[in-house]
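Structure first, then comments.
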Amino acid sequence: MIRCDPEVQALYRRYCLPERRYLKLGGRVLRMPREEYEPFVQALAADARAVSDAELTALLEGSWRERRTAAWLAAVSRRDHFRERLGALLLESEVCCAGGAYCVALASFGTARDADLLAAYLDRYLRRPDLAYDQPTAMGALAYTDSVLQGDRATRFLREGGLWREWIRDAPHMHGDGDISGYLGGIRLARAVVDESAAI
């Protein structure tokens with residue numbers, strides 16, 4: 001297992017472990033009190049500047065903790081040349097707990113290609129109501145990217161009879177009417193954290 005690799009262990013200790021960063025990237029960072037939030041994003045910004053491409057590549061080969069952290073570091077440092085790798089990892093969905101970070105990174109890059117990668121994920125996984133993966137986060141990320149680009153890639157998923165509606169109806173773990181405003185709002189907040197960190 002790659003976690004046994006001494007290089008990855010060192011990178012994990014350096015970038016993921018401080019204050020258990022890997023657990024805070026996502027919903028928890030959005031709920032931090034200001035006195036905790038400010039030093040957290042300052043440290044995130046410093047590490048995003050410090051991490052090398054080779055280190056990010058190694059982290060993206062690790063477990064969910066390393067991958068989640070690497071995706072956020074790539075987003076904050078605006079390293080959109082990791083777009084294809086992050087899109088591939090999202091589509092593969094090999095590990096749990098990292099897909100949301102890939103979605104945040106792709107939404108933060110915010111190009112038509114990022115929207116295509118999110119749509120490819122949704123095309124595959126909205127056909128699987130048995131899987132509770134990152135479909136809601138990806139839907140929010142695609143809708144957010146559409147709003148920035150003034151695009152309409154999300155429309156075919158969201159319309160009546162679209163894959164999102166079918167997935168919501170058929171997925172036993174989902175409840176509600178398919179409203180994505182909460183998921184879209186979550187991506188907006190995460191994107192604000194990325195932008196604030198990038199500006200430090």
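The values are calculated or read from the model by the stated rules, or taken from the named source; none is laboratory data. Nothing here was measured: the structure is a model prediction, and the numbers come from that model. Cβ sites come from the backbone with ideal geometry, for glycine too, and all protein chains shown count toward neighbours. Remember, those area values only see protein heavy atoms, side chains included, never the ligands or the DNA or RNA. Shrake-Rupley method; radii C 1.70, N 1.55, O 1.52, S 1.80 Å.
Remarks
- Selection count where residues are among the aliphatic types (A, V, I, L, M) and open to solvent by 30 Å² or more (accessible area, probe 1.4 Å), scope the range 109-124: 2
- If you check Ala198, Ala154, Ala190, Ala138 for being at pLDDT 95 or above and either surrounded by fewer than 18 Cβ atoms within 10 Å (Cβ to Cβ) or in contact with a Lys or Arg (Cβ under 9 Å, 6 or more places away or on another chain) (or both), only one passes: Ala198.
- Scan of the range 141-176 for residues that are under 20 Å from the mean Cα position of the chain (by Cα), in a helix (DSSP H, G or I) and either farther than 15 Å from Leu117 by Cα or without any contact (Cβ under 8 Å) to a residue 40 or more places away in the chain (or both), ordered by number: Leu142, Thr145, Asp146, Ser147, Val148, Leu149, Phe157, Trp164
- Criterion violated by Val8 - all others in (1) under 19 Å from Ala190 (Cα atoms); (2) of a type outside the set (Gly, Ala, Ser); (3) in contact with a helix residue (DSSP H, G or I) (Cβ under 7 Å, 6 or more places away or on another chain) satisfied: (1)
- Pairs linking a residue in the range 183-200 that is over 15 Å from Lys24 (Cα atoms) to a residue that is outside any helix (DSSP H, G or I) and open to solvent by 10 Å² or more (accessible area, probe 1.4 Å), with Cβ atoms under 7 Å and 6 or more positions apart or on different chains, are Ala198/Arg78.
- The single residue among Asp53, Asp80 that is at pLDDT 95 or above, over 23 Å from Leu122 (Cα atoms) and open to solvent by 10 Å² or more (accessible area, probe 1.4 Å) turns out to be Asp53.
- Unique residue being in contact with a Leu (Cβ under 9 Å, 6 or more places away or on another chain), within 24 Å of Asp80 (Cα to Cα) and touching a residue at least 60 places away in the same chain (Cβ under 8 Å) when the list is Leu11, Leu30: Leu30
- Filter pass, Arg85 being within 25 Å of Gln135 (Cα to Cα), charged (D, E, K, R) and modelled with pLDDT of 95 or more: yes
- Annotation note: of Glu66, Glu61, the sole residue that is open to solvent by 20 Å² or more (accessible area, probe 1.4 Å) and touching a helix residue (DSSP H, G or I) at 6+ places or on another chain (Cβ under 8 Å) is Glu61.
- Residue match in the range 31-54 (condition: under 30 Å from Leu131 (Cα atoms) and either part of a helix (DSSP H, G or I) or in contact with a Ser or Thr (Cβ under 8 Å, 6 or more places away or on another chain) (or both)): no
- Number of positions in the range 104-140 that are assigned to a helix (DSSP H, G or I) and within 22 Å of Cys16 (Cβ to Cβ): 7
- Meets criteria (surrounded by fewer than 21 Cβ atoms within 10 Å (Cβ to Cβ), free of Cβ contacts under 8 Å to residues at least 40 places away in the same chain and either of a type in the set (S, T, N, Q) or assigned to a helix (DSSP H, G or I) (or both)) for Ala88: yes
- Count of the range 91-103 residues which are in a loop (DSSP other than H, G, I, E, B), over 8 Å from the mean Cα position of the chain (by Cα) and touching a residue at least 24 places away in the same chain (Cβ under 8 Å): 4
- Yes/no for Val95 being more than 22 Å from Arg21 (Cβ to Cβ), surrounded by fewer than 17 Cβ atoms within 10 Å (Cβ to Cβ) and of a type in the set (A, V, I, L, M, F, W, C): no
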